[in-house]
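Read-outs throughout are calculated quantities, based only on the coordinates presented, and are distinct from any laboratory measurement. Being a predicted model, the structure only gives us computed values, none of them experimental. Because the Cβ atoms are built from the backbone with ideal geometry, glycine has one as well, and the counts that use them run over all protein chains shown.
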Amino acid sequence: MIRRVMRVFILIAALLATSCSGRSCNGQTEQIPDAPKERKPERYSFQFWDDQIVRLKRLRQVKNILRDPYERKEITMSDMVRQAIDDYLDKQTKRIKQSERPDV
């Protein structure tokens with residue numbers, strides 16, 4: 001799944017670097033795929049700032065303390081990072097689509 005997300009990141013970066021001039025992307029955002037309904041996880045290595053890891057670990061601890069005690073599954077750092085990447089991709093894609101100007 002992370003590789004799929006990274007492929008989307010790479011696609012967005014490539015589109016922005018090559019296809020967008022100024023504020024117009026000429027409809028290139030049509031090629032950015034939506035998140036699929038069914039996903040499978042994939043391992044992928046990233047580099048993070050050390051403070052980000054510390055903050056993620058602490059946030060995970062706090063979220064697990066505050067969660068419903070009857071829930072069996074604990075929140076993992078992977079869950080939080082996946083959600084953050086999805087949120088980022090959705091936000092950036094929406095921002096790009098809103099900034100596109102129709103071709104005249």
If you count, for each residue, the other Cβ atoms within 10 Å and average over each peptide, how do 89-96, 65-72 line up from highest to lowest?
89-96, 65-72
The answer for E100, listing residues at least 5 apart or on another chain whose modeled amide H is closer than 5 Å to its amide H, is none
